[in-house]
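Only one structure is covered here, and it is reproduced in the block below.
The values are calculated or read from the model by the stated rules, or taken from the named source; none is laboratory data. Small disclaimer: the values here were computed from a predicted structure and weren't measured. Ideal geometry is used to build each Cβ from the backbone, glycine not excepted, and the neighbour counts take in all protein chains shown. Side chains included, ligands, DNA and RNA excluded: accessible areas come from the protein's heavy atoms. Shrake-Rupley method; radii C 1.70, N 1.55, O 1.52, S 1.80 Å.
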Amino acid sequence: MTAHAFVSPDHIRSLFSQAMSHMYRTEVPLYGTLVELVGQVNAEVLAAQPGLAEQMRRSGERERLEVERHGAIRVGTAQELATLRRLFAVMGMRPVGYYDLSVAGVPVHSTAFRPVEDASLTRNPFRVFTSLLRLELIEDENLRAQASGILSRRNIFTPGVLQLVEQCEREGGLGEGDAWRFVVEALETFRWHNDATVSLQTYQALHDAHRLVADVVSFRGPHINHLTPRTLDIDAAQQAMQAQGIAAKAVIEGPPRRQCPILLRQTSFKALEEMVHFPSGADNEAGTHTARFGEIEQRGLALTPKGRALYDTLLAQARESGAGGSTGGDYMQRLQAAFAAFPDDHDTLRREGLGYYRYTLTDAGRAAPAAERALPAEVLIGRGLATAEPIIYEDFLPVSAAGIFQSNLGGEEQRAYAAHANREAFERALGVAVSDEFAIYERLQAESLAQLTV
């Protein structure tokens, strides 16, 4: 097939994210309710804030608001992770960032597969937070060996999707028909199966080691454990969830409410308790499993390393200043008090180098002489010749991710393992180095600055 007959990876990613959303709504009807609730909140925010609506229109955010999703998946072996990397590459998604969740009591390390180019992010920013189980953190050697053996015998990918991945790699792309077949085949990896592959006794032993270990090891595939619509007001969405009787997480993870949102705020409804059939001789034994939930996210400004260092410092201050840690009843008040030290207007954030911005000439700027357009960006903004819009954060926060995981694995206070981050081992399993998220945002900002003088 000639290259011009290939569809774009962005198109395949859009097909896949739409199919994933439809599948998850069918499997978890409460997620459909969540999507509708978020849509109502977003419509109210846009109606009440025409300035925000116009800013989102200019930046391309408005068009993608309803389709923006992220999902999460957990795999058990290096081979599964490496094959997922190849599968996501068909959709133009690259591994960005390394996240160690073991320090917060979750025995995984992770990356986010996502698009990295500006045009691709505008088209469809769908991302999948992907975690690899760290079997070395299971203390019981016999159980660790048993889990490893169980994982080594399963294949989470269909023959059809493997053939299409290889075809894409060999030929450089997929045509429309093959793209649809790819989506259908790939979706099977993420589908829920209520038949476990281990006995109830084995499941319980894995569960006692860690609920997440049981979730990864006990099933035919790494079912998608949540999808996430994007809201413009997560506090209003949280209140709407509670008003409808949805069991919402008690604390919103991430920074506090601000005039200028930064990074990522997340909440969720509690994971569902689902019936599972466990093999027992010639029959099946009934039991339950808790893993899948619905999440909401509110995304804001991507921070520079300087901004992120300030964020991490203030977050640690808020979490350590009270006896209740991050689950105490006064946590949100402590968080708000700590973040009073973080500037909350875009002019200051930009001038102090705390966040990344996309610079664009105004009509007056485009009409200005080239010599004037070459002036520093702040001068152009001051003269009304350019604007600076916040670049939206497309990645994750390890503390917040761990908080969501723990809340949906039983709600215990986070505990730390003795192990530390092991990026080298993760990248070895992945088969490539993960991209640096800061470098991506820096490039996007630099590209916009360069366009001012063109």
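Among the residues of the stretch 12-31, those identified as farther than 12 Å from Phe126 by Cβ and either modelled with pLDDT of 85 or more or out of contact with any helix residue (DSSP H, G or I) (no Cβ under 6 Å at 6 or more places or on another chain) (or both) are His22, Met23, Tyr24, Arg25, Thr26, Glu27, Val28, Pro29, Leu30.
Where residues in the stretch 259-281 are under 21 Å from the mean Cα position of the chain (by Cα) and either open to solvent by 30 Å² or more (accessible area, probe 1.4 Å) or polar (S, T, N, Q) (or both), which of them is farthest from Pro390 (Cα to Cα)?
The selected residue is Leu272.
Within the stretch 155-180, residues that are among the small types (Gly, Ala, Ser) reach partners that are surrounded by fewer than 13 Cβ atoms within 10 Å (Cβ to Cβ) with beta carbons closer than 7 Å, at six or more positions or on different chains, in the pairs Gly172/Ala3; Gly173/Ala3; Gly175/Met1; Gly175/Ala5. Do you know which residues across the stretch 103-118 are surrounded by fewer than 22 Cβ atoms within 10 Å (Cβ to Cβ) and touching a residue at least 40 places away in the same chain (Cβ under 8 Å)? Scanning the stretch 103-118 gives Val103, Ala104, Gly105, Pro107, Val116, Asp118. If you go through the stretch 149-172 and pick out every residue that is open to solvent by 60 Å² or more (accessible area, probe 1.4 Å) and either part of a helix (DSSP H, G or I) or of a type in the set (Lys, Arg) (or both), you end up with 8. Do we find that Leu164 is in contact with a Gly (Cβ under 6 Å, 6 or more places away or on another chain) and either aliphatic (A, V, I, L, M) or more than 22 Å from Ala429 (Cα to Cα) (or both) in this structure? It is false that Leu164 is in contact with a Gly (Cβ under 6 Å, 6 or more places away or on another chain) and either aliphatic (A, V, I, L, M) or more than 22 Å from Ala429 (Cα to Cα) (or both).
Against the list (1) modelled with pLDDT of 85 or more; (2) in contact with an Asp or Glu (Cβ under 8 Å, 6 or more places away or on another chain); (3) buried (at least 21 other Cβ atoms within 10 Å of the Cβ), the condition His226 fails is (1). Among all positions in the stretch 29-38, there is at least one residue which is among the β-branched types (Val, Ile, Thr) and over 19 Å from the mean Cα position of the chain (by Cα).
Take the residues of the stretch 23-46 that are of a type in the set (D, E, K, R) and in contact (Cβ under 8 Å) with a residue 60 or more places away in the chain: which is surrounded by the fewest Cβ atoms within 10 Å (Cβ to Cβ)?
Glu44
Can you confirm whether the stretch 258-273 contains a residue that is assigned to a helix (DSSP H, G or I), closer than 15 Å to Leu30 by Cβ and in contact with a strand residue (DSSP E or B) (Cβ under 7 Å, 6 or more places away or on another chain)? No; the residues of the stretch 258-273 include none that is assigned to a helix (DSSP H, G or I), closer than 15 Å to Leu30 by Cβ and in contact with a strand residue (DSSP E or B) (Cβ under 7 Å, 6 or more places away or on another chain).
The set of residues in the stretch 329-367 being part of a strand (DSSP E or B) and surrounded by fewer than 20 Cβ atoms within 10 Å (Cβ to Cβ) consists of Thr360, Leu361. Out of Asp140, Asp178, one residue alone is more than 21 Å from Asn225 (Cα to Cα), at pLDDT below 95 and not small (Gly, Ala, Ser). It is Asp140. Considering only residues that are of a type in the set (A, V, I, L, M, F, W, C) and under 30 Å from Val41 (Cβ atoms), which ones fall in the stretch 177-211? Passing the criteria: Val183, Leu187, Phe190, Trp192. Please go through the stretch 75-102 and pick out each residue that is farther than 27 Å from Glu176 by Cα, open to solvent by 10 Å² or more (accessible area, probe 1.4 Å), in contact (Cβ under 8 Å) with a residue 60 or more places away in the chain and assigned to a helix (DSSP H, G or I). Result: Ala78, single match.
The set of residues in the stretch 155-210 being of a type in the set (Asp, Glu) and within 24 Å of the chain's Cα centre (by Cα) consists of Glu185, Glu188. For Ile73, are the conditions met, namely being over 21 Å from Phe219 (Cβ atoms), at pLDDT 90 or above and not small (Gly, Ala, Ser)? In short, no.
Name the residue, out of Ala209, Ala214, Ala145, Ala205, that is of a type in the set (A, V, I, L, M, F, W, C), over 26 Å from Ala89 (Cα atoms) and open to solvent by 60 Å² or more (accessible area, probe 1.4 Å). Just a single option satisfies the conditions, and that option is Ala145.
Contact map, the stretch 295-316: first residue at pLDDT 95 or above, second residue surrounded by fewer than 22 Cβ atoms within 10 Å (Cβ to Cβ) and of a type in the set (Gly, Ala, Ser), Cβ cut-off under 6 Å, separation 6 or more or different chains; pairs are Thr304/Gly353; Lys306/Gly353.
Residues of the stretch 115-132 that are part of a loop (DSSP other than H, G, I, E, B) and closer than 14 Å to His70 by Cα: Pro115, Asn124, Pro125, Phe126.
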